[in-house]
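What follows is a single structure, written as structure tokens, with notes after it.
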Amino acid sequence: MKSFSTLLLPLALAGSALAHGFVATITIDGKAFKGDVPNAAKNPSIIRQISHVDPVKGATNAAVNCGFNAGPASLVADAMPGSTVTFDWRGGDLSNWPHNTGPMLTYMASCGDTTCDKFDTTQAKWFKIQQVGRKPNSADWAQADLMKGGTAAVTLPKTLAPGNYMIRHEIIALHLANSKGGAEFYPSCAQLRVGGSQTGKPTTDELVSLPGAYSDNDAGIFDPDVFNAKATYVFPGPKIAAFVNGDASNNGNDNSPSPTATSGASKPTQTKSSGTCKLKKKVSASASAKVAAAAASIRPRHLSRVMRGLVANHALPS
């Protein structure tokens with residue numbers, strides 16, 4: 001009889017095939033801008049292409065900025081204060097997003113007088129405009145809606161001053177965050193030109209560098225209670241900039257809309273996570289049933305909802 005650990009190995013390998021992703025499309029007020037598949041042909045886009053879909057590991061990794069080897073895109077999209085921007089996150093094979101645990105955060109940074117297709121994001125000073133955690137009165141994270149084909153949405157600040165801006169959307173997957181260094185960062189950056197005549201801007205003390213704003217010891221990054229729905233989640237990084245909500249006493253709570261289900265650290269180095277991606281394989285119903293039965297009887301604390309879901313819903317190698 002196979003041990004539980006032996007049965008779980010193919011599950012882990014199957015899960016790793018899904019545990020990667022990127023922003024495939026950004027939509028601004030109904031106009032869609034397609035992104036380039038990582039490490040594939042580069043086409044005109046507003047989304048900065050990354051070199052691969054692996055998660056960024058380590059809060060001081062240089063790739064926390066905009067993703068692995070993210071270089072300037074060739075296009076800049078027009079937007080307005082109050083515009084709705086949606087991010088369609090996909091798995092590496094363009095399947096639905098694979099994770100359901102952890103927050104989603106949105107930052108912006110001024111590109112100054114230059115258009116953002118010429119801007120060096122390593123010099124960016126970011127301010128936060130949104131952070132979304134668990135759904136109200138629910139144990140589920142808003143991120144889980146992406147697994148059902150939803151998109152993550154944010155409203156640009158209604159008083160945002162005109163100018164050239166980077167927008168950075170980030171998923172921090174926490175299914176392994178009960179171990180230090182287990183958090184997975186998925187950042188994506190796009191290039192905007194905001195019009196209008198508003199005057200809203202962040203204060204100097206609301207600006208952060210990335211990497212630099214996070215530590216692997218931060219409560220919202222190393223989180224032993226990540227699977228305890230009753231525990232208070234502490235968002236990492238700065239508070240939401242006060243002008244976003246017009247409230248100087250802003251305490252950094254969620255600033256939604258949530259996803260829609262309609263369709264100061266050491267010198268950073270950019271490191272690639274260890275290769276663990278494997279192709280999914282199909283198996284007999286009996287093999288899948290053995291894995292499901294073993295998981296149901298033991299259900300160790302460190303398994304995420306994603307992993308438990310794969311036990312029940314995905315065919316595995318025998």
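Note on the range 59-109: among residues that are among the hydrophobic types (A, V, I, L, M, F, W, C) and more than 17 Å from the chain's Cα centre (by Cα), the one that is farthest from Pro236 (Cα to Cα) is Leu75. Among the residues that make up the range 43-51, is at least one of them open to solvent by less than 40 Å² (accessible area, probe 1.4 Å), of a type in the set (A, V, I, L, M, F, W, C) and under 30 Å from Ala229 (Cα atoms)? Scanning the range 43-51 turns up no residue that is open to solvent by less than 40 Å² (accessible area, probe 1.4 Å), of a type in the set (A, V, I, L, M, F, W, C) and under 30 Å from Ala229 (Cα atoms).
From Ser215, Ser179, Ser209, Ser197, which residue is among the polar types (S, T, N, Q) and touching a Lys or Arg at 6+ places or on another chain (Cβ under 7 Å)?
From the options Ser215, Ser179, Ser209, Ser197, the qualifying one is Ser209.
Asn39 satisfies every condition listed in (1) buried (at least 17 other Cβ atoms within 10 Å of the Cβ); (2) assigned to a loop (DSSP other than H, G, I, E, B); (3) out of contact with any Phe, Trp or Tyr (no Cβ under 7 Å at 6 or more places or on another chain) except (1).
Please pick out the residue among Gly92, Gly82, Gly71 that is on the phi > 0 side of the Ramachandran plot and not β-branched (Val, Ile, Thr).
Just a single option satisfies the conditions, and that option is Gly82.
Pro81 fulfils the conditions (1) farther than 14 Å from Ile167 by Cβ; (2) in a loop (DSSP other than H, G, I, E, B) except for a single criterion, (1).
Starting from residues that are assigned to a strand (DSSP E or B) and open to solvent by 20 Å² or more (accessible area, probe 1.4 Å), keep the ones in the range 177-219 and report whichever is farthest from Gly67 (Cα to Cα). Spell out the reasoning first.
Step one: list which residues in the range 177-219 are assigned to a strand (DSSP E or B), which gives 184-194, 200, 208.
Next, only the ones that are open to solvent by 20 Å² or more (accessible area, probe 1.4 Å) stay: 193, 208.
Values: Arg193: 21, Val208: 17 Å.
Residue satisfying both the conditions and the ranking: Arg193.
Quick check on my filter: what residues within the range 74-96 are open to solvent by less than 40 Å² (accessible area, probe 1.4 Å) and either in contact with a helix residue (DSSP H, G or I) (Cβ under 6 Å, 6 or more places away or on another chain) or farther than 30 Å from Gly30 by Cβ (or both)? Answer for the range 74-96, where residues must be open to solvent by less than 40 Å² (accessible area, probe 1.4 Å) and either in contact with a helix residue (DSSP H, G or I) (Cβ under 6 Å, 6 or more places away or on another chain) or farther than 30 Å from Gly30 by Cβ (or both): Val76, Trp89, Gly91.
Checking each residue in the range 100-157 for being under 19 Å from Glu184 (Cβ atoms), of a type in the set (S, T, N, Q) and part of a loop (DSSP other than H, G, I, E, B) picks out Asn100, Thr101. Restricting attention to the range 220-236, the residues being crowded, with 17+ Cβ neighbours inside 10 Å and over 12 Å from Gly182 (Cα atoms) number 4. Scanning the range 237-267 for residues that are open to solvent by less than 60 Å² (accessible area, probe 1.4 Å), at pLDDT 60 or above and under 20 Å from the mean Cα position of the chain (by Cα) yields Gly237, Pro238, Ile240, Ala241.
The values are calculated or read from the model by the stated rules, or taken from the named source; none is laboratory data. What you see is a predicted model; the values in this text were computed from it and never measured. Note that we place each Cβ from the backbone using ideal geometry, even for glycine, and neighbour counts take in every protein chain shown. Surface areas here come from the heavy atoms of the whole protein model, side chains and all, with no ligands, DNA or RNA. Shrake-Rupley method; radii C 1.70, N 1.55, O 1.52, S 1.80 Å.
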